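One structure is given below, encoded as structure tokens.
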2 protein chains.
Amino acid sequence: MKEAKYDVVGIGNAIVDIIARCDEAFLSNHGMEKGFMQLIDASQADVLYEGMGSATEQSGGSVANSCAGIASFGGKCGFIGRVAVDQFGKVFAHDIRAIGVDYDTPASDVGLPTARCLVLVTDDGERTMNTFLGASTELVESDIDAKLIASAQVTYLEGYLFDRPEAKAAFHQAAKLAREAGGKVALSLSDAFCVDRHREDFLALVRGGVDILFANETEITSLYEMNNFDDAAGAVRAEAEIAVLTRSEEGAVIISGNETIQVPAVRVEKVVDATGAGDLYAAGFLYGLTSGKPLEVCGKLGALAASEIISHIGARPEADLKKLASAKGLLE
Amino acid sequence: MKEAKYDVVGIGNAIVDIIARCDEAFLSNHGMEKGFMQLIDASQADVLYEGMGSATEQSGGSVANSCAGIASFGGKCGFIGRVAVDQFGKVFAHDIRAIGVDYDTPASDVGLPTARCLVLVTDDGERTMNTFLGASTELVESDIDAKLIASAQVTYLEGYLFDRPEAKAAFHQAAKLAREAGGKVALSLSDAFCVDRHREDFLALVRGGVDILFANETEITSLYEMNNFDDAAGAVRAEAEIAVLTRSEEGAVIISGNETIQVPAVRVEKVVDATGAGDLYAAGFLYGLTSGKPLEVCGKLGALAASEIISHIGARPEADLKKLASAKGLLE
């Protein structure tokens, strides 16, 4: 990869997570599909919050979580995403900067409040998400800092951004800028329902310019409308330079040209909260890739970061991932 | 005790905790005394927050934490304390109501934002607190709902309230209302520096009408300006009907008339975060007392609740304290 000031510049939703535990009945009573994300409006958010138990607030957002993870590994990251001038906006900006990510998107002082995601965690550790996008939807093309993108090895784009028609233009512009500057473009498919909503757009992107694709099993089978993981893996092999397909406790499969690399998951004693597992897998992988590691090591770094994040509440690392990886002999 | 609709009505600061880990050097570099609380203004809060690492937000406030604990035991509680109309205010109101506490103090729509406490947790689990009181200082006498106080067995007052001259009047009024209605008055000394700032006021209260006093070792020795725990314990015996003196891992001493009851601490594998230990001790004790338990059982309920809270980040219970106490045979 090219020499660059930044390892990764991420573009995504800037969200504060509001995390509470609940039982399975609560999910079904509120019409949620366990393990998935749905978009809600402000009044739905209020009603749902009213019904939730006591909660904890933590910064989140899929690609923002990945950037925080890369910074925790010691990688150099920038993030683009919009908050409002409010308390949650301050929290988001503080947390991402405090972990070492450069973040300079101006906060909106008019319009919607900072995005929040009501995260419900069931006893099995699975998380179900309800996102009010708020100020995140106010990201505009002029926020896409061309110089920042040009100075990154990888520009990492959040699939969830496709849920905002206004952001698609910014998204395409960023991908174009990255390629023109000789950088790579990475994309996370984010969520199977999100893939379902934007299948044609995603397929066009994968075929037309995404270098590194992240997806879990339900997302990749949804993308190709196949019932079977192996078939979907075969389909993506022909289209993406590198595809990183995660399968929870079954580990991940990395596909690149003729190579197929199986990376086992790192076992944890108990899955406390699965929020951020995919985001942190991507963090470890991208940190490895931009540090010039072989794909198998990239996968192991991803598995390690994912195992840390699911061992506690919240989607931002509590441990120093660089130390953790060094202790495991993954960095020299 | 009298029959009453509420077991406990608490009056205190309504605060959202912003919790981050730090090393010992960070505390000394910022002029903090480990284990204590200091008041800061809005600009100090901004500077300190800037320097802190990534954080987690959770509802807090000393007596509010106790009320949440009592509700988790199955007790009936009300809480009085003021927030602003902002995101942290919504968080505070949501969390205390979600755990089952009645909370109806109107939020301020002018003036200062909701109070926040920057909590720094060192590797030994000790917490050091920096409080910006914000909207909490706007509590006025008219917020002290006479009917609510009259319908409580115990009115529980937060020593920290004495840091706000405006709140002292409300405080005295509440104590008077409680006594007139045949209820008991409980007081937490809150913090040794707080005691130092308001020693004469606290002594007058203890001598003139507090039925149940909660203090830790540094607070009770500060109150009586004695170097020695036993001397201070002797002094308080003559003045309070019940004194509950907590000594961290050495357990607690309950003093009432001629009785002296030693209650050992409940051991935990690791102290993750000491925030809320005293608040939850008070919760268990007051729940026991208002349920008619003997003082020793009250002390054991306090020790159990404290052990739960120090096993995780944050000062609100994650476990169901009623189930926990039942499993230990403390409730029949």
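Which listed residue (B:54, B:122, A:119) has the Cα farthest towards the positive end of the charge dipole for the protein assembly as shown, taking +1 on Lys and Arg C-beta and -1 on Asp and Glu C-beta about the Cα centre?
B:122
Over the residues of chain A, compute the C-alpha Rg and express it relative to 2.2 N^0.38 Å.
Normalised Rg, Cα atoms only: 0.91.
Over 19 Å apart: what share of the alpha carbon pairs of region B:178-332 falls there, rounded to a whole percent?
That fraction is 52 percent.
HN-Hα J couplings of region B:171-177 from phi, Karplus 6.51/-1.76/1.60, θ = phi - 60°, integer Hz, Gly and Pro as x?
Karplus-based 3J(HN,Hα) across region B:171-177 equals 4, 5, 4, 4, 4, 5, 4 Hz.
Measuring from centroid to centroid over Cα atoms, what is the spacing of region B:65-96 and region B:147-199 in Å?
Going from one Cα centre to the other spans 17 Å.
Hey, got a sec? Which trypsin sites (Lys or Arg not before Pro) in region A:241-332 land in a DSSP loop and have at most 10 other Cβ atoms within 10 Å?
The qualifying sites are A:267, A:270.
For residue A:39, list long-range residues whose amide hydrogen, built 1.01 Å from N in the peptide plane, is under 5 Å from its own amide hydrogen.
Answer set, sorted by chain and number: A:131.
In debye, nearest 20: dipole of region A:178-332 around its Cα centre with unit charges on the Cβ of K, R (+) and D, E (-)?
480 debye
What does the structure give for A:80-91 when I average, per residue, the other chain Cβ atoms found within 10 Å of the residue Cβ?
Whole-number average of other-chain Cβ neighbours for A:80-91 is 3.
Take A:3, B:180 and order them by how many other Cβ atoms sit within 10 Å, fewest up front.
Lowest count first: A:3, B:180.
Please figure out what share of the DSSP beta bridges in chain A is antiparallel and state it in percent, rounded to the nearest 5.
Roughly 35 percent of the DSSP beta bridges within chain A come out antiparallel.
Rounded to the nearest 20 Debye, what is the dipole magnitude of the protein assembly as shown about its Cα centre when Lys and Arg each give +1 and Asp and Glu each give -1 at the C-beta?
That gives a dipole near 260 debye.
Among B:67, A:117, A:298, which comes first, then next, by fewest other beta-carbon atoms within 10 Å?
A:117, A:298, B:67
What Cys residues in chain B have no fellow cysteine's beta-carbon under 4.7 angstrom?
By the Cβ distance rule, which asks for a partner under 4.7 Å, the isolated cysteines are B:22, B:117, B:194, B:298.
Might you report the magnitude of the Cβ-based charge dipole of region A:6-327 about its Cα centre, with Lys and Arg at +1 and Asp and Glu at -1, to the nearest 20 debye?
920 debye
Over all directions, how big on average is the projection of the convex hull of the alpha-carbon atoms in region A:187-267, in square nanometres?
If you wrap the Cα atoms of region A:187-267 in a convex hull and average its projections, you get 4.8 nm².
Rg and Dmax of the protein assembly as shown over Cα atoms: what are they, in angstrom?
Here Rg and the maximum Cα pair distance are 26.6, 85 Å.
Add +1 for every Lys or Arg and -1 for every Asp or Glu among the other residues with Cβ under 10 Å from the Cβ of residue B:309, and state the total.
Result for the local shell: -3.
Relative contact order, percent, of region A:178-332 when contacts are C-alpha pairs under 8 Å separated by at least 6 residues?
It rounds to 15 percent for region A:178-332.
Please work out the C-alpha center-to-center distance from region B:309-331 to region A:257-332 and express it in whole Å.
33 Å
What does the structure give for B:92-101 when I average, per residue, the other chain Cβ atoms found within 10 Å of the residue Cβ?
For peptide B:92-101, the averaged partner shielding equals 3.
Rule-of-thumb check for region A:1-43: C-alpha Rg over 2.2 N^0.38 Å?
After normalising by residue count via 2.2 N^0.38 Å, the value is 1.92.
Sorted from largest down, give the three principal axis spans of the alpha carbons of region A:85-168, whole angstrom values.
Rounded to whole Å, the extents work out to 45, 33, 30 Å.
GluC sites (Glu not before Pro) within region B:31-61: which are DSSP loop residues with at most 12 other Cβ atoms inside 10 Å?
Sites meeting the loop and neighbour criteria: B:33.
Evaluate the relative contact order of region A:6-327 (contact order divided by residue number), counting alpha-carbon pairs under 8 angstrom at least 6 apart; express in whole percent.
Answer for region A:6-327 is 19 percent.
Near residue A:188, within a Cβ-to-Cβ distance under 10 Å, what is the net charge of the other residues, with Lys and Arg +1 and Asp and Glu -1?
Spelling it out: positives minus negatives among the neighbours equals -4.
Please report the relative contact order for region B:72-174, taking Cα pairs under 8 Å with a sequence separation of at least 6, and give it as a percent rounded to a whole number.
RCO, region B:72-174: 24 percent.
Note down the net charge around residue B:82, summing +1 for each Lys or Arg and -1 for each Asp or Glu among other residues with Cβ under 10 Å from its Cβ.
Residues close to residue B:82 contribute a combined charge of -2.
Quick one: with label points 7 Å out along Cα→Cβ, list the inter-copy distances for residue B:146 in nm, shortest first?
7.1
The numbers here are math on the coordinates, done by the rules we state, and not lab data. The shown structure was predicted, so the numbers you read here are calculated from the model rather than taken from an experiment. No Cβ is skipped: glycine too gets one built from the backbone with ideal geometry, and neighbour counts run over all protein chains shown.
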